[in-house]
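First comes the structure, then the notes that go with it.
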Amino acid sequence: MKRTVEDHAARFSEKAAEYDDSKSEEYYACADLVVEHADPGPDDVVLDLGAGTGAIALAVASDAERVLARDISEGMMAEGRRKAEERGIDNVEFAYGEFRDPEIGDNADGRVDVVTSNFALHHLADAEKREAIRVMAETGARRVVLGDVALFEGPDPEEPFYSPDVDDPATVGTLVEAFTAEGFAVTAVERVHDQVAVIVAERGAAIAG
């Protein structure tokens, strides 16, 4: 990680109010695909990591039993809570949690069925990403849907889709290998942009041809 958790939390809290309006078309295309692939059932508990202002958590809430939205920025979570209240959504819990320690506790008896994340994991170094994916696996979730800045090829030095001083995106291959190392089958890789991907990893599923 190029900056500390505290640095990232402060940076996102400062931009929380205008965060939704500042995001790219690719961000929202990615979010739509994450929601589509998450596909929770009415009895499912969804863990949304790096939840931010709730783009994923609030979108899947109507289909899930409960959503555990975890983020490191209190400012971002406050925006998420505000939006949930405005929309009358009462089954989403915004609380502090990191990728490598989501602090699920006894929520929903510790059960997690689906893990989602959008545009957040790239803040971690590759070794930290692998550790985060190991933690996702340890939740027992049957499906993980990750949308993120991820490189299909090399980064474009003329048009990087990220800020090199704060971001550290992995290659798609690195992320796929991390999921398969934890016993998941990667069933879909969606190419949103040369530097943006959605990866779907499932337990006990056949690998898509």
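Read-outs: derived from the displayed coordinates by stated rules, not from any lab. Owing to the predicted nature of the structure, the values given are computational and were not obtained by experimental measurement. Cβ atoms come from the backbone with ideal geometry, glycine included; neighbour counts cover every protein chain shown.
Inter-part distance, region 111-151 to region 172-205, computed on C-alpha centroids, equals 10 Å. Per residue, the convex hull spanned by the Cα atoms of region 49-118 measures out at 77 cubic angstrom.
The gain in end-to-end length when the residue 39 to residue 203 segment is fully stretched comes to 57.6 nm, 0.36 nm per residue minus the alpha carbon separation.
Between residue 152 and residue 65, the modelled label-to-label distance comes to 3.8 nm, taking each label 7 Å out from Cα in the direction of the beta carbon.
Legend: calculated FRET efficiency, residue 167 to residue 109, from the Cβ-Cβ distance at R0 = 30 Å, rounded to 0.05, equals 0.25. Across region 35-42, computed HN-Hα scalar couplings (Karplus, 6.51 cos²θ - 1.76 cosθ + 1.60, θ = phi - 60°) run 4, 4, 6, 4, 6, x, x, x Hz from first to last residue, x flagging Gly and Pro. Computed from the C-beta positions of residue 24 and residue 177 and an R0 of 35 Å, the FRET efficiency is 0.80 to the nearest 0.05.
Protection proxy ranking, highest mean first, for peptides 47-59, 75-87: 47-59, 75-87, where packing is the per-residue count of other beta-carbon atoms within 10 Å, averaged. Once the other residues with Cβ under 14 Å from the Cβ of residue 175 are scored (Lys, Arg +1; Asp, Glu -1), what is the net sum? It works out to a net charge of -4.
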